[in-house]
Amino acid sequence: MYEVYALKYGERDTTACQFFYREASHEPITLHFYIWLILGGPEPVLVDTGFREDDAAARGIRNYVSPAAMVARLGVKPETIPIALISHLHWDHWAGHALFPAAEFWIQKEEVAFWTGAAARYEAYKALANAPALGSLVTLSYGNRVRLIEGEREIFPGLRVHWVGGHTAGLQIVSVETARGRVVLTSDASHFFRNVERYQPVQIITSLPQMLAAFDTIHALAGSEKLIVAGHDPEVAGRFTVVQPGVVRIA
Ligand SMILES: [Zn+2]
């Protein structure tokens, strides 16, 4: 049976109006930055790579810890991780890929097409990218370290990715069968629990209908156990079990 961990490696303060779609409130909110680690299968599987010190400094991140150091806290050597599922290619999910030098990166084909295509150069999207990290997709691909996925795919029995789009063109979420039931790692299909629970989108969007449909997909996958893990919500630590600083055991 799989074990699932959320590993927090940074924080940033913002306001609700900056973040939720057509939200008037200036209420302060804090984003937590996570990667996720799935143990108990044939190999450890990482979900997303986080970012490195340069982005942490440039983008005003508090309490930054290297995602590689967070993985090591669970007794897993970051340099040996064989598979990293990439939810999407925004800077905070992809720019840390070099911290995991043995990993094969599983990414939706549509996500790579978007960030190497015509729309990504506009400021509305470019600000969410780390261009050199995106450029390295070519080198990684030539080195057989990128696996392109279309739609839904089983990684190992009971561990799957599912394309949802919405927040980005090729956003994928992850479902994992555990002793507690099926865990759904939403990543940025639902930054906060509030997104998926109240059907309130964020304002970073490639398709609003897809983003709303993603909430349906998350609920359908999660079933009655509702083991939904929001992508940036500090409340993850309140709903699940903190086992050491920054390390939350989901199941
Ligand atoms: Zn994010």
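The values are calculated or read from the model by the stated rules, or taken from the named source; none is laboratory data. The model shown is predicted, which means the values in this text are computed figures rather than measured ones. Every residue, glycine as well, gets a Cβ built from its backbone with ideal geometry; the counts of neighbours run over all protein chains shown. The area values use the complete protein model at the heavy-atom level, side chains included, leaving out ligands, DNA and RNA. Shrake-Rupley method; radii C 1.70, N 1.55, O 1.52, S 1.80 Å.
Here are the numbers:
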{"item": "Extent along principal axes [Cα atoms of the range 116-169; Å; largest to smallest]", "result": "40, 30, 15"}
{"item": "Phi-based couplings in Hz for the range 175-191 (Karplus 6.51, -1.76, 1.60; Gly and Pro marked x)", "result": "10, 9, 7, 10, 4, 8, x, 7, 8, 10, 8, 7, 6, 8, 5, 7, 4"}
{"item": "Note, ³J(HN,Hα) from phi for the range 38-48, Karplus 6.51, -1.76, 1.60, rounded to Hz, x at Gly and Pro", "result": "10, 10, x, x, x, 9, x, 10, 9, 10, 6"}
{"item": "Where Cα atoms sit under 26 Å apart: lysine pairs in the chain separated by 8 or more or lying on different chains", "result": "4"}
{"item": "Amide H within-cut-off set for ILE83, under 5 Å, with H built and near neighbours excluded", "result": "LEU46, GLU104"}
{"item": "Amide H contacts under 5 Å for VAL242, placed H, 5+ residues apart", "result": "ARG249"}
{"item": "Pairwise centroid distance, computed over Cα atoms, of the range 68-120 with the range 223-248, Å", "result": "21 Å"}
{"item": "Inter-label distance for ALA16 and GLU177, nm, one decimal - labels placed 7 Å from Cα along Cα-to-Cβ", "result": "4.0 nm"}
{"item": "Extension gain, LYS77 back to ALA119 (0.36 nm per residue minus Cα-Cα distance, nm)", "result": "11.4 nm"}
{"item": "Taking the range 1-59 and dividing mean pair separation by its residue count, relative contact order in percent (alpha carbons under 8 Å, at least six apart)", "result": "34 percent"}
{"item": "Largest-first principal axis extents of the Cα set of the range 1-151 (Å)", "result": "47, 37, 29"}
{"item": "Backbone HN-Hα couplings from phi across the range 228-242 [Karplus 6.51/-1.76/1.60, Hz, Gly and Pro as x]", "result": "9, 10, 5, x, 9, 8, x, 5, 3, 5, x, 8, 10, 9, 7"}
{"item": "Pairwise label distance in nanometres, GLU197 with GLU27, each label 7 Å out on the Cα-Cβ vector", "result": "1.1 nm"}
{"item": "Where labels lie 7 Å past Cα in the beta-carbon direction, separation of ALA102 and ILE205 in nm", "result": "4.3 nm"}
{"item": "Listed residues LYS126, LYS8 arranged by accessible area, highest first, probe 1.4 Å", "result": "LYS126, LYS8"}
{"item": "Percent RCO, i.e. relative contact order, over the chain, from Cα pairs under 8 Å lying at least 6 residues apart", "result": "20 percent"}
{"item": "Beta bridges per DSSP with both ends in the chain, % antiparallel, nearest 5", "result": "70 percent"}
{"item": "Per residue Cα convex hull volume in Å³ - calculated over the range 161-251", "result": "88 Å³"}
